[in-house]
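Quick note: the coordinates plus some simple rules give every number you see, no bench work behind them. Please read these numbers as outputs of a predicted model, since none were measured by experiment. When we count neighbours, we look across all protein chains shown, and the Cβ atoms used for this are built from the backbone with ideal geometry, even at glycine.
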Amino acid sequence: MIPRSYSRRDYIKLMAGGTAAAASASLLSPTGAASSFTPTTPPDAEAADRARRMKWWHEARFGMFIHWGLYSVLGRHEWAMEMEGIPVAEYEQLAKRFLPQPHAARAWAKLARQAGQKYMVMTTKHHEGFCHFDTKLTNYCAPRQACGRDLVREFVDAAREEGLRVGFYHSLMDWHHPDGARCATDEAARQRFVAYIHGQIRELLTNYGKIDVLWYDVNWPLSVQGWESEKMNKMVFELQPDIIVNNRNGLPGDFATPEQEIVAEKAGRAWETCMTMNDSWGYHAADDNWKSPKTVVRNLVTCAAGGGNYLLNIGPKADGSIPEESARILSAVGKWMEKNGTTIYDTDRIHADWHTYAGYTRRGNTLYVQVHFWPGETVAIGGLRSKVRSARLLASGQEVRFEQSDVQVKFTGLPATAPDDPVTVLAVECDSEPVINSMDVRRKRKREQVGVNFS
Ligand code: GLC
């Protein structure tokens with residue numbers, strides 16, 4: 001993505017995010033320190049810095065999550081080790097069968113770019129403990145097992161080649177490390193384990209150039225104090241001053257991470273919904289509960305409407321290939337994004353009630369109506385509080401006629417069948433920020449002509 005210049009609108013929009021997050025940081029952190037700064041950093045300086053670091057991410061809206069590990073050999077979800085109670089020594093044997101094709105990540109990055117995704121976040125270590133990168137801290141890593149390659153290096157290179165931003169997912173919880181559970185009750189074990197995890201993060205953020213996102217996961221079994229999360233984030237920002245971090249090391253970080261659900265944070269707090277395309281993050285051969293491309297597009301619209309991002313997962317097979325269904329879904333989404341991506345990227349949060357056959361996004365005074373169940377020649381919206389100046393079908397540019405009353409706007413003369421697949425977008429120019437309030441319709445709709453006599 002080519003970064004635009006930093007406008008006043010960006011600054012106002014993003015300053016709001018930083019201020020709110022800084023306030024919650026001081027509520028949640030035991031020392032009163034904000035996540036990425038020492039307690040003496042003035043809050044507006046922190047907000048401005050966060051706005052600077054997060055600008056690309058807010059514009060991007062759509063990213064690819066990649067869950068890949070030894071569990072991909074089993075093909076029964078990334079929690080197989082725990083769910084099936086597989087002993088560590090037995091599970092470790094999977095490393096002998098984890099032999100991906102060279103540069104498998106190139107195909108992921110290509111697909112991500114075609115799908116309109118602007119960044120990729122890959123598991124560098126999931127809960128199973130196997131590391132994809134070159135680490136001095138364990139031999140349980142791809143370069144020193146049968147695979148013999150640094151898969152994080154390949155991932156980073158592949159993402160950059162496609163012009164995508166790079167994110168590392170790193171699970172703090174570890175089912176393989178001997179101290180991974182006993183650290184909760186044994187101080188010496190805690191110190192060793194925290195040094196191990198902090199050390200890995202240091203390696204990841206030192207050896208692979210500029211990294212854009214650090215995506216912590218599960219902080220079981222320690223508290224924020226136990227993990228020394230303040231120190232962790234401080235190290236992260238010293239190593240990578242432009243990075244953004246999530247909230248799963250127990251601190252608020254730069255953004256919230258609703259999982260498998262789309263729930264907007266209150267205005268001003270950045271958020272990203274992460275979601276699977278079926279019901280599993282890691283490759284699961286038998287999980288056929290796939291979302292349709294339409295569901296994915298609708299979810300993306302819902303995230304953008306709430307000012308959030310959508311991090312959509314693929315679970316490659318052990319050889320690195322992408323499950324066919326995932327590739328098919330993402331390709332369809334990509335075709336839609338090619339024509340309609342402008343209604344997603346760098347949009348503003350919209351105040352809008354729900355509609356039964358459409359979603360909404362907006363940029364400034366332009367309202368985008370994403371119709372997912374096409375009703376035919378007329379599309380009607382209740383409760384739009386601003387005056388419509390013009391409307392067109394986004395993909396073709398064709399002008400659309402409209403009639404507007406106090407409570408309703410009707411777009412007429414539309415094709416009988418949906419002109420675009422899976423969702424058709426109307427671009428509606430308004431004379432002020434479009435707000436859709438259906439409660440207003442309920443109150444204002446004239447009732448004097450109602451003739452039924454109930455008495
Ligand atoms: C959960 C799961 C994990 C997955 C993650 C993605 O924390 O434990 O398997 O990686 O969600 O958000």
query = Any idea what the dipole of region 46-155 comes to, in debye rounded to 20, about its Cα centre with Lys/Arg Cβ at +1 and Asp/Glu Cβ at -1?
reply = 640
inquiry  = Rounding to the nearest 10 and keeping the result within 0 to 90°, find how far the Cα-based axis of helix 229-239 lies from the longest principal axis of the chain.
reply    = 90
ask   = Exactly which GluC sites (Glu not before Pro) in region 325-410 are in a DSSP loop and have at most 12 other Cβ atoms within 10 Å?
value = Glu377
task = Set Lys and Arg Cβ to +1 and Asp and Glu Cβ to -1, take the dipole of the chain about its Cα centre, and tell me which of Ile344, Ser321, Tyr140 lies farthest positive.
result = Ile344
Acute angle (nearest 10 degrees) that the helix 8-28 long axis makes with the longest principal axis of the chain, alpha-carbon atoms = 50
ask   = Among Ala112, Gln225, Thr276, whose Cα lies farthest out toward the positive end of the dipole of the chain, if unit charges sit on the beta carbon of Lys, Arg (+1) and Asp, Glu (-1)?
value = Ala112
query = Which angle between 0 and 90 degrees, to the nearest 10, do you get for helix 324-340 versus the longest principal axis of the chain when only C-alpha atoms count?
reply = 40
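Full extension from Arg149 to Ala184: what is 0.36 nm times the residue separation minus their Cα-Cα distance, to one decimal in nm? Before the final figure, lay out each step's value.
On the way: separation 35, 0.36 × 35 = 12.60 nm, distance 3.33 nm.
Working it through step by step, the gained length comes to 9.3 nm.
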query = Residue farthest toward the positive end of the dipole of the chain, with Cβ of Lys/Arg at +1 and Asp/Glu at -1: which of Thr378, Ala45, Leu94?
reply = Thr378
Size of electric dipole in region 8-343: Cβ of Lys, Arg +1 and of Asp, Glu -1, about Cα centre, debye, nearest 20 = 1060
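Counting only helical runs of four or more DSSP H residues, what would the 222 nm mean residue ellipticity of the chain come to if each run contributes -39,500 (n - 2.57) and the total is spread over all its residues?
Values: 13 runs with 146 residues, N = 455.
Calculated from helices alone, the mean residue ellipticity at 222 nm is -10000 deg cm²/dmol.
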query = Stretched out fully, how many nm does the piece from Gln93 to Glu403 gain, at 0.36 nm a residue minus the Cα gap?
reply = 104.8 nm
request  = May I ask you to compute the full-extension gain from Glu259 to Tyr357, defined as 0.36 nm times their residue separation minus their alpha-carbon distance, rounded to one decimal in nm?
outcome  = 32.8 nm
ask   = Mind checking which lysines have their C-alpha under 29 Å from Lys444, skipping anything on the same chain fewer than 8 residues away?
value = Lys266, Lys387, Lys410
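Looking at region 240-293, which GluC sites (Glu not before Pro) are DSSP coil and have at most 15 other C-beta atoms within 10 Å of their C-beta?
Details: sites: Glu259, Glu261, Glu265, Glu272; in loops: Glu261, Glu265.
Of the GluC sites (Glu not before Pro), the ones in loops of region 240-293 whose Cβ has at most 15 other Cβ atoms within 10 Å are Glu261.
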ask   = If we sort 142-151, 123-132, 304-313, 182-191 on the protection proxy, mean other Cβ atoms within 10 Å, highest first, what's the order?
value = 123-132, 304-313, 142-151, 182-191
query = Among 92-102, 214-224, what's the highest-first ranking by average C-beta atoms within 10 angstrom per residue?
reply = 214-224, 92-102
